[in-house]
Amino acid sequence: MAHALLAGDGSDALAPTSSAHPFPVTLHTERAYAPLDEVVERKGTGHPDTICDHLAEAPASALTRHLRERHGYRLHFNVDEALLAAGAVEVGLGGGRVLRPTRIVLAGKVDRRA
């Protein structure tokens, strides 16, 4: 069944062009979401997500170079999982000491098929 666009009422409504259908159908679509304001979170250089992103980028670049040198092309890989476990420090006037170092775990996979 063909549908005709109903114009003039501000909505994007589609209605059947034939009224012979026993169940007339009207489809309504909504306009794209367009908020007046948008809240954006900015993560600085010390944010754990930013640290993990930068730490995952270095082995990804090195792995790309290695794969190109060894195989002549880049195999598919992901270095996309990063975990940053915060350490512990004791802070004192004029200094401090590390009680437990920060631990960072990077994980990923390489697909050996071209």
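Scanning the range 29-50 for residues that are out of contact with any helix residue (DSSP H, G or I) (no Cβ under 8 Å at 6 or more places or on another chain) and surrounded by 10 or more Cβ atoms within 10 Å (Cβ to Cβ) gives 47, 48, 49, 50. Counting the residues of the range 51-96 that are open to solvent by 60 Å² or more (accessible area, probe 1.4 Å) and among the hydrophobic types (A, V, I, L, M, F, W, C) gives 7. Scanning the range 102-114 for residues that are assigned to a loop (DSSP other than H, G, I, E, B) and either on the phi > 0 side of the Ramachandran plot or surrounded by 11 or more Cβ atoms within 10 Å (Cβ to Cβ) (or both) returns a single hit, 102. What pairs come up if the first residue lies in the range 98-114 and is among the basic types (Lys, Arg), the second is assigned to a loop (DSSP other than H, G, I, E, B) and at pLDDT 85 or above, and their beta carbons are under 8 Å apart, counting only those six or more places apart or on different chains? Here the result reads 100/87; 103/87, each pair linking the range 98-114 to a residue that is assigned to a loop (DSSP other than H, G, I, E, B) and at pLDDT 85 or above.
Of all residue pairs spaced 6 or more apart or on separate chains, those with beta-carbon atoms under 8 Å, a first member in the range 41-66 that is within 19 Å of residue 103 (Cβ to Cβ) and a second member that is open to solvent by 50 Å² or more (accessible area, probe 1.4 Å) and of a type in the set (Asp, Glu) are 56/80.
The values are calculated or read from the model by the stated rules, or taken from the named source; none is laboratory data. All values reported here derive from a predicted model rather than from experimental measurement. No Cβ is skipped: glycine too gets one built from the backbone with ideal geometry, and neighbour counts run over all protein chains shown. To get the accessible areas, we keep the full protein, side chains included, count just its heavy atoms, and leave off ligands, DNA and RNA. Shrake-Rupley method; radii C 1.70, N 1.55, O 1.52, S 1.80 Å.
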